[in-house]
Amino acid sequence: MNDPTKPIRKCVCFDTSFKDLRQSGLRTVEEIAKQYGCTTNCGLCKPYIERMLVSGETEFAVELT
Ligand code: FES
């Protein structure tokens, strides 16, 4: 269930949810970029994907930089 207090859930440029990225089993930003493109356009999703790879979170409330 989506948490409305944590509205950041996907790479917008490539329309790919962090949940899908986590379930892909890929372990690095480079692997995700290669397979899905995420982080390679505007790059705003990169800090969230980095956090996801460490913590397993797929929904975020705050702006990470
Ligand atoms: S939101 Fe992921 S590259 Fe723009």
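The values are calculated or read from the model by the stated rules, or taken from the named source; none is laboratory data. What you are looking at is a predicted structure, and each value in this text was computed from that prediction instead of being measured. As a convention, Cβ positions derive from the backbone with ideal geometry for all residues, glycine included, and neighbour counts pool all protein chains shown. Ligands, DNA and RNA are excluded from the accessible area calculation, which covers all protein heavy atoms including side chains. Shrake-Rupley method; radii C 1.70, N 1.55, O 1.52, S 1.80 Å.
Values as computed for the structure displayed
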{"quantity": "Matching residues in segment 1-52 - criterion: being within 13 Å of the ligand (Cβ to nearest atom), of a type in the set (D, E, K, R) and not in a helix (DSSP H, G or I)", "calculated": "R9, K10, D15"}
{"quantity": "Of all residues making up segment 21-39, the number that are under 25 Å from M1 (Cβ atoms), touching a residue at least 12 places away in the same chain (Cβ under 8 Å) and open to solvent by 80 Å² or more (accessible area, probe 1.4 Å)", "calculated": "1"}
{"quantity": "Filter result for C42 (of a type outside the set (G, A, S) and surrounded by 13 or more Cβ atoms within 10 Å (Cβ to Cβ))", "calculated": "no"}
{"quantity": "Subset tally (residues that are at pLDDT below 95 and within 8 Å of the chain's Cα centre (by Cα)) for segment 1-19", "calculated": "0"}
{"quantity": "Number of positions in segment 12-32 that are out of contact with any Lys or Arg (no Cβ under 9 Å at 6 or more places or on another chain), at negative phi and not β-branched (V, I, T)", "calculated": "8"}
